[in-house]
Every structure is written in C-alpha cells, then in structure tokens.
Amino acid sequence: MRTILFLLEKEFAQIFRNKAILRLIFIMPIVQLIMLPLAADYEVKNINCSIIDHDHSPYSRRLIGQIEASTYFKLVDYQQNIEGAMPKLEKDKSDIILEIPQNFEKDLIKEEKATLLIAVNAVNGVKGNLGAAYASGIIRTFNQNIRMDWMTFPKMNPIPEIRISSIPWYNKMMSYKIFMVPGILVILVTMVGSFLSSLNIVHEKEAGTIEQINVTPIRKHHFILGKLIPFWILGIVVLGLGLIVSYIIYGIVPVGSLFLLFSFAAVYLIGTLGLGLLISNYADTQQQAMFFSFLLMMVFILLGGLYTPIESMPEWAKVITKFNPAAYFIEVIRMIVLKGSGLKDILPHFFAIGCFAVVFNLLAIWSYRKQI
Amino acid sequence: MVMSDFKAIEVKNISKNYDKGKIVALDNISFDVKKGELFGLVGPDGAGKTTLLRIIATLLLQDSGEAKLDNFDCVADFKAIRQRIGYMPGRFSLYQDLTIEENLNFFATIFNTTIEENYHLIKDIYVQIEPFKHRRAGKLSGGMKQKLALCCALIHKPSVLILDEPTTGVDPVSRKEFWDMLGRLQHDGITIIVSTPYMDEANLCDRIAFIHHGKLLTINTPQNIIDSFGNVLWSISGDNLFSLMTKLRAWQNTKSCFSFGENLHFVSINAQITPQDIMHYLKDDSVQVSKIVPSIEDCFMSFMQN
C-alpha cells in the first residue's frame, strides 16, 4: 500500500509536470464539446435546387413558391429542360433537380394525380437523401393543401384524413446538441482511459525506466495500479469537467442521477484502462500504441451509435456493437442525461460493462505476466 | 581491498539464445566473483556483456545453467536479489522529468529507506550534483547523469553493484572520476561487476573476463593477463601505415599485425626476429621499430585470434 502511494505521488508529479498533456486533458473536452456538436449537425441546409417547370401553371408556381419558402432549399437555377439542368448537377453546383411536367395542373385536376421528377446528386449521399426527403415532405404538404382546397366544394365527399403530428420526448426541441454532447463526452473519457494510460506505460518502456523499476522490489501489481489509478481519476475528472462545460455552453442538466452516471463511468473506466494496459503490453513504441488506439477509437466511434443509430446498422455491424464498450456507455449516458433512467433501466448495460472490465483486465494481466 | 573467498556471484554454464536459437548471445559461461571484488567484463559491442548482466540482475531468464548472487538463485529468489543489487543499465533510465532530488527520493522510498540513512555511501558522489538537485534529470550533462544513476543504484546500500557500460559516452575526465568512485565503493565493501568496451579501464579492475561472441576467452588479473602474453611485441610506425600493414600481413614471419592508433603492433612467429629484419623487409626509410610491453588490448586481440 505504501509503495502504491509513492508510485502515485511520482505519477502525479510527472503528469502535472507534463504541461502539454495536462493542457490537452483540460482543453480537449472544452474544445471538442464546443466544436463537434456544431459541426456534426445532421440538419442539412442550403440544398441547391434546380427547377424545370414545363407547366407554368398556378399550381406549379405555388409548389415552387413553397419550396423556395422552406429554409432547406436554395433555388440556384431555372431551366427549360433536363439537359439544361444536368451540367449544374454534374459540376456539383446543384444538389437536386425538380422537374414539373407539362399539364401538371391539368392532370392533377382531371385525373386527380400527377407525376413529378426529382433527380438527386448522390455524390454527397447525406445531402442528396435528405434533400429528396425534404422535397417529398414539401410535396406531400402541397398535396394535402390542394385536397383541402377541393374539400370546400360541397359536392365532394369529405376525404377521411389521418394527420400525424409527433412530439419528441426527452428532447423537446429535437436539439441535435443535447443528443450529441453526452456521446462526445464518452469518447473523451475513453481517450483518457485507453489512449493516455497505454501511451504512458509504453513511454516507460521506451525510456528504459521500466528496466530500473524492474530491479526494485516493486511488485508488478503495484506498478500496474500505480499506473492505472491516476488515469482512472483523470477520466472521472474529465467527465465532471465535460458535464460542467455542457451545462455552461448548452445548458444541459442531467435529468437522471449524477451518482449513477459516475458509478457507471467508474466501472467503464476500469474496462478501458484494462484495454489501455493490454495495448501497452503489445506495443514497444508510442507510435505503435498510438496507431492501434486510433484504430480502436475509429471502431468505437463509428460502431458506437454516436453518429449513426445502431438500430439502422446492418446485422453484422450490430453484432460488432455488442462488443464495443463505448456503445454501452453512449447509450447509458444518453439514457441518464436525457431521460433520467434509473439503475433498473441500465442494469443490463452495467452487467455488460462489468464483464468488459473483468475480461480486459484479466487479458491484460495475463499478457503482462508473459513478459519478463 | 576487503576481498574474501566468499563468492558474491557464481555463474555456472549459462547459455542464452535469441531469435529461437539463431543468435547465440551467451555460450556456456561460468565464472565467480569474490566478495568485495571489482570485476570487469571486457569485450567489444555485441559480445554478450549486457545479456549476462541482465541475467544476473534478474531481468532476463537464461536458457540453461544457473546464476547465484550472495547464494540466492537468480531465477527462484529474484525478490531477495532485487533487494541486494544496485543495477545501472547502459542507457540512462531514470525519470527525465523528475529532478535529481525527486529521482533519488523515489528510489530510496521504494526500497523502504531514506536518503539520510545511506547518505554516507553516496556522499562523495552526491555533493558533486547536489547544487543542481532541483534540476530535472533530463537536463543534466552525461557525466552528471551517470553520477545520479550511480547514486540511485546505491541508495539502498546494495551488496553487489552491477554496472553495464557505465562510462560509455562519458568524457575522459568524468570517466576517471567515475572509476575513482568505484574504488572508494569497493573500500566500503561493495562487490562491483562492471562491463566495459574500453580496454584501458580493464587495468583498474581486480580481475577481468574477456568476452567475445558469447564466449569467455579468459579470466585473470590484468597483470597476469599481460604477463601471459608470451610473445615479443613490436611497435612499428611509418608514413603510410596502411600499406605497411598490408605488407606485414603478407609476410611469412608474421603472426599478427594490428593497427593501434598511430602505430602498428606486430608479433612475429619468429621469437629471434630483430628490428633490422623488419626494417629490411619493409624497405621504407620512414619506418621506426621498437619493442614494447603489451597492453590489455594486445592481449585481447591475441586471445581473439586464438
């Protein structure tokens, strides 16, 4: 116990002396929390739209007017035919082409239906998809309005209509930030837990200091604990700091229990520290550790449900997310912060993350033993 | 000298291979170091010195054979050994971001002791670096780093000091100082085993072992090794050393000819050879030939040739 205290004293002296790392630990959460939610915004605006109107009728003008009035679209081009509009699409000047055929109004009134063409530039898939979806939405509203117009004719039977209106629960304004910020916090905590700890241990290997430590009576588990405890504490501090930053900047107040959140983070950090130790056992240089951690981080982020919901992933990817500890924590932090979930709701996650902590640490200790 | 017959280190038939047997680092090495002795492992880079010292320091497992330190087995009793040795690796391996004082304090505390308790051991060395005790170890000069490393290796009063090339990369004045310090530590009763690629330092040891390609060539006192040279050694100097050496090496009378700085050291198979014979053969007016006493390095070269 005494030995661990001395090791901790040394470790903290070194961390606080390493100004670059220290600044990063405190500045990184702030900068990332400010920048990322703003940049990683799914709401696509300024979709450049080309319009070809063959009809020139009041209805077609009304549709165009509605598209123009929406905040999503920017009319950049007005052409006579599709051949005229294509070059702009090809040059990436416009993202979407809406073609209104001749007799649009006539067909709509006489045959009670009309066809429109939407051509989408799918090079930027997200923008294209969303553009098409927004356009369809506008056309649907347009369609409904026309029906309402016709209903006023008394001879017509009223058409039964189902109107869907949605209320977003737990995030009333559907604010993207409230949803993203907790997820980003998880990534930050993971980076401190696995990145920093593995780099720190590998640094001792690189500098040869581990050699000097090995000839002292320091036991291996003392050394490992002396390495992991400081980063465990740092991880908790980063989480606290991140919550404060997200309160100050985004006004996010966790609905659920902070104690529960930190308890989960405590177990989660033990798991990621074990992972960091595991990496450091197989890496001889900080470069190797860095690249391997980076690979892991990419998987954690992309298959963790941070940006894309796990539910919409293909089956094989869903299987991988089951082995991704970050995915559990991202879900849990959103549940606690947004929804106020209690211990009972996150018990399965707690169990899974507990298993990760045990498995990673056992693997790490086992591979550490194999070395001299 | 407080030497006794008690053995501080016993190495028996130690072998060690790397890369699954492709590289033989140590080949059946056996030797003893007496209590209180200053023992030198002398050999070129890659001879196996570091491997041997790391096995004794319990940092590496041998493939076969056994090593004992103060009668403790280096494999089974590694914990007991780690309490008794002070090990200084070839590369500076203290915490560069901690100060001199912090490094020393750290190593004292993890050995459950304090700087004050064993201050007498390190005093001579520590006073030289004490003015800089608040400076970080990474910012020290090479010589000061060595002194700090030695202090850290000594702070828990080890019975055996294991030094791996302590003077490599250190200036000549600091090297001399360092060896003076080793002499004083020996007086305090500490057994020292030191490896070095410098042949001149070998003279300062009580006994030395020549090691080359993982094999021990000989173990003896420096004087005995020189006495056992057994040949007449000639020093030859001239204007064009390289062509002289090529010429001598082609001569049927030559046993060996090596370049030593500005001279050639020449041994003939013919013990009766005279300077005149040599000069006559070389046919060069600039050539000067004189008889010299062999150095440790000459002995090493001759052992290597055999």
Just a yes or no: is a residue in the stretch B:137-151 charged (D, E, K, R), within 14 Å of chain A (Cβ to nearest Cβ) and crowded, with 20+ Cβ neighbours inside 10 Å? yes
Taking the condition closer than 30 Å to A:Arg140 by Cα, crowded, with 17+ Cβ neighbours inside 10 Å, among the hydrophobic types (A, V, I, L, M, F, W, C) and without any contact (Cβ under 8 Å) to a residue 40 or more places away in the chain, does A:Ala69 pass? no
When you look at B:Gly189, is it out of contact with any strand residue (DSSP E or B) (no Cβ under 7 Å at 6 or more places or on another chain), within 14 Å of chain A (Cβ to nearest Cβ), surrounded by fewer than 16 Cβ atoms within 10 Å (Cβ to Cβ) and within 29 Å of B:Thr51 (Cβ to Cβ), yes or no? no
Elements of type strands (runs of 3 or more DSSP E) contained in the stretch B:171-249, each with 1 or more residues being out of contact with any Leu (no Cβ under 8 Å at 6 or more places or on another chain) and without any contact (Cβ under 8 Å) to a residue 24 or more places away in the chain: B:215-220
Would you please list the contacts, defined by Cβ atoms under 8 Å and residues six or more apart or on different chains, that run from a residue in the stretch B:46-66 that is closer than 14 Å to B:Phe31 by Cβ and assigned by TED's automatic domain parsing to the domain that holds B:Pro89 to a residue that is part of a loop (DSSP other than H, G, I, E, B) and of a type in the set (Asp, Glu)? B:Lys49/B:Glu165
Subset of the stretch B:80-91 (residues that are more than 8 Å from chain A (Cβ to nearest Cβ), within 15 Å of B:Leu154 (Cα to Cα) and out of contact with any helix residue (DSSP H, G or I) (no Cβ under 6 Å at 6 or more places or on another chain)): B:Ile81, B:Arg84
Could you list, in sequence order, all residues of the stretch B:92-130 that are more than 9 Å from chain A (Cβ to nearest Cβ), of a type in the set (Ser, Thr, Tyr) and surrounded by 17 or more Cβ atoms within 10 Å (Cβ to Cβ)? B:Thr99, B:Tyr126
Count of residues meeting criterion [more than 15 Å from the chain's Cα centre (by Cα) and more than 13 Å from A:Met297 (Cβ to Cβ)] in the stretch A:182-198: 1
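Give the residue, chosen from B:Ser228, B:Ser256, B:Ser268, that is surrounded by 15 or more Cβ atoms within 10 Å (Cβ to Cβ), closer than 20 Å to B:Met199 by Cβ and under 30 Å from the mean Cα position of the chain (by Cα).
B:Ser256
Matching residues to (1) assigned to a loop (DSSP other than H, G, I, E, B); (2) closer than 30 Å to A:Tyr176 by Cα:
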residue: A:Ile51; (1), (2): no, no
residue: A:Asp55; (1), (2): yes, no
residue: A:Arg62; (1), (2): no, no
residue: A:Thr71; (1), (2): yes, yes
residue: A:Lys74; (1), (2): no, yes
residue: A:Asp77; (1), (2): no, no
residue: A:Ala85; (1), (2): no, no
residue: A:Ile97; (1), (2): no, yes
residue: A:Asp107; (1), (2): no, no
Qualifying position, being under 17 Å from A:Leu261 (Cα atoms), surrounded by 18 or more Cβ atoms within 10 Å (Cβ to Cβ) and modelled with pLDDT of 85 or more, among A:Gly226, A:Gly183: A:Gly183
A:Met290 fails exactly one of the following numbered conditions: (1) away from chain B (no Cβ under 14 Å); (2) hydrophobic (A, V, I, L, M, F, W, C); (3) crowded, with 17+ Cβ neighbours inside 10 Å; (4) not in a loop (DSSP other than H, G, I, E, B). What is the number of that condition? (3)
For the stretch B:62-79, enumerate the residues that are surrounded by fewer than 17 Cβ atoms within 10 Å (Cβ to Cβ) and within 12 Å of another protein chain (Cβ to nearest Cβ). B:Val75, B:Lys79
The stretch A:72-86 residues that are loosely packed, with under 15 Cβ neighbours inside 10 Å, paired with ones that are assigned to a helix (DSSP H, G or I) and of a type outside the set (Val, Ile, Thr) (beta carbon under 6 Å, 6 or more apart): A:Leu75/A:Glu68
Within the bounds of the stretch B:93-107, is there any residue that is in contact with a strand residue (DSSP E or B) (Cβ under 8 Å, 6 or more places away or on another chain) and either touching a residue at least 60 places away in the same chain (Cβ under 8 Å) or not assigned by TED's automatic domain parsing to the domain that holds B:Asp206 (or both)? no
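The values are calculated or read from the model by the stated rules, or taken from the named source; none is laboratory data. Model, not experiment: these values are computed from the prediction. Here Cβ is always computed from backbone atoms with ideal geometry, including for glycine, and neighbour counts include all displayed protein chains.
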